[in-house]
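Just below is one structure, and these are the notes that go with it.
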Amino acid sequence: MSDMYEEFVNRRSVRVYTEEPVADEDLKKILSAGLMAPSGKSKFPWHFIVVKDRAMLEKLSACRVGVARMLRKAACAIVVIGDPSDTDTLVEDCTIAAAYMHLEASSLGLGSCYIQGRGREAENGQTTEEYVRGLLGFPEEYKLQAVLSVGHVGKTMKPHKTEKLFWNKVHEEKF
Ligand SMILES: Cc1cc2nc3c(=O)[nH]c(=O)nc-3n(C[C@H](O)[C@H](O)[C@H](O)COP(=O)(O)O)c2cc1C
């Protein structure tokens, strides 16, 4: 078992990608990491939609106002949606799964960025969920949580400065 600390130090949100495609083997590892994430009462309510089609990635980049543009140049998007039936931890479960995929991408030397889907608006004024559902056709009752952009790193980000962590947010014994 290796200590993951260095992964956490080096993990950054990467929004600039090269044109190189992501190898199927790497994509499978990323998706596997999501599928292995913990979930409340082991309901595993997530579904992942992998999008590689360039025209669709271009359309997806308008799912938010301004902050999803990196999808235009990403090798792929992993759209994380959740089935709300029989669970009350949908948001947590899907977010943890997306975070696991983000971390696995980072540990493979790839870049990725979590794009908020839930409760946000698309460029055309629809909710991000309605807009993405219109493009990808997932069922009405399924909830959009996030979109993960993935690609080869086009701009290297600096690791976190461990000496600048907000230790004032950590409380001992009582607040
Ligand atoms: C819940 C959540 C929603 C986010 N939404 C977006 C987003 O819509 N677009 C984006 O570019 N980055 C988004 N991010 C990435 C954050 O901006 C990023 O994590 C933060 O700036 C810290 O940078 P780092 O991840 O490189 O440490 C999101 C991150 C989280 C955890």
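The values are calculated or read from the model by the stated rules, or taken from the named source; none is laboratory data. Values in this document were obtained by computation on a predicted structure and should not be read as measured data. Here Cβ is always computed from backbone atoms with ideal geometry, including for glycine, and neighbour counts include all displayed protein chains. Surface areas here come from the heavy atoms of the whole protein model, side chains and all, with no ligands, DNA or RNA. Shrake-Rupley method; radii C 1.70, N 1.55, O 1.52, S 1.80 Å.
If you check PHE44 against the conditions, is it open to solvent by less than 60 Å² (accessible area, probe 1.4 Å), away from the ligand (no atom under 15 Å from the Cβ) and at pLDDT 95 or above? Give the steps one after another, and end with the answer.
Details: open to solvent by less than 60 Å² (accessible area, probe 1.4 Å): no; away from the ligand (no atom under 15 Å from the Cβ): yes; at pLDDT 95 or above: yes.
Here the answer is no, as PHE44 does not meet what is asked.
When you scan region 154-175, how many residues do you find that are open to solvent by less than 100 Å² (accessible area, probe 1.4 Å) and more than 12 Å from the ligand (Cβ to nearest atom)? Before you say what the answer is, go through the steps one by one.
Looking only at region 154-175, we keep the residues that are open to solvent by less than 100 Å² (accessible area, probe 1.4 Å), and these are 154, 157, 159-160, 162, 165, 170-171.
After this cut, where a residue has to be more than 12 Å from the ligand (Cβ to nearest atom) as well, the list is 154, 162, 170-171.
Of the residues in that region, 4 qualify.
Run down ASP53, ASP24, ASP86 and say which single residue is within 14 Å of LEU108 (Cα to Cα), out of contact with any Phe, Trp or Tyr (no Cβ under 8 Å at 6 or more places or on another chain), free of Cβ contacts under 8 Å to residues at least 60 places away in the same chain and open to solvent by 80 Å² or more (accessible area, probe 1.4 Å).
Unique residue meeting the criteria: ASP24.
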Report yes if some residue within region 101-114 is open to solvent by 80 Å² or more (accessible area, probe 1.4 Å) and either touching a Phe, Trp or Tyr at 6+ places or on another chain (Cβ under 7 Å) or at pLDDT 95 or above (or both); otherwise report no. no
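How many residues does region 148-169 hold that are in a helix (DSSP H, G or I) and in contact (Cβ under 8 Å) with a residue 24 or more places away in the chain? Steps first, please.
Residues of region 148-169 in a helix (DSSP H, G or I): 162-164, 167-169.
The next check asks that each one be in contact (Cβ under 8 Å) with a residue 24 or more places away in the chain; those that pass are 162.
Qualifying residue count, region 148-169: 1.
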Residues that are away from the ligand (no atom under 14 Å from the Cβ) and open to solvent by 10 Å² or more (accessible area, probe 1.4 Å), drawn from region 66-83: ALA75, ASP83
Hey, can you tell me all the residues within region 56-83 that are free of Cβ contacts under 8 Å to residues at least 40 places away in the same chain and of a type in the set (Asp, Glu)? GLU58
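Answer yes or no as to whether ASP3 is at pLDDT below 95 and on the phi > 0 side of the Ramachandran plot.
Details: at pLDDT below 95: yes; on the phi > 0 side of the Ramachandran plot: no.
Answer is no for this residue.
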Counting only helices (runs of 4 or more DSSP H) wholly inside region 1-117, the ones holding at least 2 residues that are within 26 Å of LEU165 (Cβ to Cβ) and under 13 Å from the mean Cα position of the chain (by Cα) are 90-107
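How many residues, within region 56-65, are touching a strand residue (DSSP E or B) at 6+ places or on another chain (Cβ under 7 Å) and open to solvent by 90 Å² or more (accessible area, probe 1.4 Å)? Write out each step before concluding.
First pass over region 56-65, keeping only residues touching a strand residue (DSSP E or B) at 6+ places or on another chain (Cβ under 7 Å): 57, 60, 63-65.
Now restrict to residues that are open to solvent by 90 Å² or more (accessible area, probe 1.4 Å): 65.
Result for region 56-65: 1.
Among the residues of region 115-129, how many are open to solvent by 20 Å² or more (accessible area, probe 1.4 Å) and out of contact with any strand residue (DSSP E or B) (no Cβ under 9 Å at 6 or more places or on another chain)? If you could, list the steps in order and put the result at the bottom.
Here is the first cut: in region 115-129, the residues open to solvent by 20 Å² or more (accessible area, probe 1.4 Å) are 116, 118-121, 123-127, 129.
Cutting the leftovers down to out of contact with any strand residue (DSSP E or B) (no Cβ under 9 Å at 6 or more places or on another chain) gives us 123-126.
Qualifying residue count for the region: 4.
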Could you tell me which of the residues ALA75, ALA62, ALA98 is at negative phi, touching a Ser or Thr at 6+ places or on another chain (Cβ under 9 Å) and of a type in the set (A, V, I, L, M)? ALA75
